[in-house]
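Please read the structure below before turning to the comments.
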Amino acid sequence: MKVADALMRAAWRGVVCRVMADDLGSRRLIHSGHWADMQQAGVFLVRALPLGSVLLRPFRGRFDMRNHRKIVVIDNRVTYCGSQNCADPEFRVKPRFAPWVDLLARFEGPVVLQNQHLFATDWMAHTNEDLTPLLASAKVQEGDGFVAQVIGTSAAVRYAAMPETFVSIMNSAAEELTVTTPYYVPDEPIQAALCAAARRGVKTSLTMPKKNDSWIVAGASRSYYRDLLEAGVKIYEYPHGPAAHQGDDS
């Protein structure tokens, strides 16, 4: 596994490496030799939201609340994030839907520290390590670029934060609005904002996978097509790779 090998090489040369993996979604990795090898190499490992006993878990809380983040932060200078999992491109769990089309972006600037804060929040919730000094020592690098904002969603934060941000962005669109998502099941304000953008002359498009890995979600998504088309939204169904897994609003 290339990622595990790279982490071990970094740990061997003295780099502090922290890895957090969801206890359910990454169970094959956690119970594999790669996990043990990384630990032996000096990589600090955490199992996020541990399941514990499968029989007792329903009495202790919801097991479907998982850590779905995909974040890499390097030296407080560079961050990678998006929809790309540390997995085979064909995602062997669902090979008939391969290849999965993902979006992974590299960022520099203030948004790096935002991702670092998000990772540190999760890390400190699962360990006794205080990462406050690490965050305090980070220097925000300014420069030319564009405005970016990290929003972390979980059961512990206000649910409406991300949908409200999407609606605000859509309502601010002046020339072009492009939305790409594998699962379009919007609430009423998002659907209304998308239609309103097209009606006021903004070039508005929605791209979905032609073949979805969930027929229920696919049916729900297509139920919104009529209103979108009548408003002037152009809808595209991506044919190459049945599961376009990235989410993008630009």
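The values are calculated or read from the model by the stated rules, or taken from the named source; none is laboratory data. As the structure is a computational prediction, the values presented were derived from the model and not from experiment. When we count neighbours, we look across all protein chains shown, and the Cβ atoms used for this are built from the backbone with ideal geometry, even at glycine.
Here is how the numbers come out for the structure above:
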quantity	calculated
Filtered residue count, segment 1-33, keeping only those that are surrounded by 12 or more Cβ atoms within 10 Å (Cβ to Cβ) and under 20 Å from residue 67 (Cα atoms)	17
Single match in 125, 138, 196 (criterion: surrounded by 15 or more Cβ atoms within 10 Å (Cβ to Cβ) and closer than 28 Å to residue 72 by Cα)	138
Condition met for residue 219 (at pLDDT below 95 and more than 22 Å from residue 81 (Cβ to Cβ))	yes
Spans of strands (runs of 3 or more DSSP E) in segment 131-250 with at least 3 residues polar (S, T, N, Q)	203-209
Residue identified as surrounded by 10 or more Cβ atoms within 10 Å (Cβ to Cβ), within 20 Å of residue 83 (Cα to Cα), in the same structural domain as residue 189 (by TED's automatic domain parsing) and not acidic (Asp, Glu) among 119, 166	166
Hits in segment 118-149 - residues which are under 23 Å from the mean Cα position of the chain (by Cα) and touching a residue at least 60 places away in the same chain (Cβ under 8 Å)	119, 122, 123, 126, 127
Residue selected from segment 34-45 under the condition of a type in the set (A, V, I, L, M, F, W, C) and surrounded by 17 or more Cβ atoms within 10 Å (Cβ to Cβ), by the criterion nearest to residue 119 (Cα to Cα)	43
Any hit, segment 165-178, residues being farther than 15 Å from residue 233 by Cα and in contact with a strand residue (DSSP E or B) (Cβ under 7 Å, 6 or more places away or on another chain)	yes
Hey, residue 204 in contact with a helix residue (DSSP H, G or I) (Cβ under 6 Å, 6 or more places away or on another chain) and free of Cβ contacts under 8 Å to residues at least 24 places away in the same chain or not	no
Pairs with Cβ under 6 Å, 6+ apart, first in segment 1-24 and touching a residue at least 40 places away in the same chain (Cβ under 8 Å) and within 21 Å of residue 48 (Cβ to Cβ), second hydrophobic (A, V, I, L, M, F, W, C) and part of a strand (DSSP E or B)	18/44; 20/46; 20/48; 22/48
Counted residues, segment 79-111 - those being at pLDDT 75 or above, under 21 Å from residue 19 (Cα atoms) and more than 16 Å from the chain's Cα centre (by Cα)	1
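Listed here are the residues, each with its yes/no results for (1) small (Gly, Ala, Ser); (2) modelled with pLDDT under 90; (3) more than 23 Å from the chain's Cα centre (by Cα).
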position: 24; (1), (2), (3): no, yes, no
position: 31; (1), (2), (3): no, no, yes
position: 57; (1), (2), (3): no, yes, yes
position: 67; (1), (2), (3): no, yes, no
